[in-house]
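All remarks here apply to the structure that follows.
Derivation of every value follows stated rules applied to the coordinates shown; laboratory data play no part. Quantities reported herein were computed from a predicted structural model and do not represent experimental measurements. No Cβ is skipped: glycine too gets one built from the backbone with ideal geometry, and neighbour counts run over all protein chains shown.
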Amino acid sequence: MFTFSEEVDALVTAGLLTEHQATAFVLREIEAVPREQAAESMDISASGLDDARAKAVRKVEDARATVEAVENIRYQLPDDE
């Protein structure tokens with residue numbers, strides 16, 4: 001099990017999210033920290049947290065769609081099999 005810092009670092013190191021976006025994503029989507037508490041821990045407004053989380057969620061969804069597309073291409077069988 002990863003620590004909070006390791007979760008954030010993994011997303012940042014992958015080049016997927018900024019540290020700010022990764023922190024918001026991990027707090028809300030993975031750790032399920034309440035909105036106001038998460039915003040306070042990041043020292044930002046709740047709407048700032050919402051913006052960072054929303055950007056992170058879109059990027060993660062895009063990454064998942066890309067992986068799915070690659071897997072579909074990789075495992076596609078020729079028509080004659």
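Structural remarks
- Gain in span if fully extended, Glu71 to Ser41, counting 0.36 nm per residue against the direct Cα distance: 7.0 nm
- Considering only Pro34, Met1, Ala63, and ranking their Cα positions along the charge dipole of the chain that arises from unit charges at the beta-carbon of Lys, Arg, Asp and Glu, the one farthest toward the positive end is Pro34.
- FRET efficiency, 1/(1 + (r/R0)^6) with R0 30 Å, evaluated for Asp62 and Glu31 via beta carbons: 0.85
- Range of Cα positions in the range 4-74 per principal axis (Å), largest first: 44, 22, 18
- Charge dipole (Cα centre; +1 on Lys/Arg Cβ, -1 on Asp/Glu Cβ; no other charges) of the range 4-74 amounts to roughly 280 debye.
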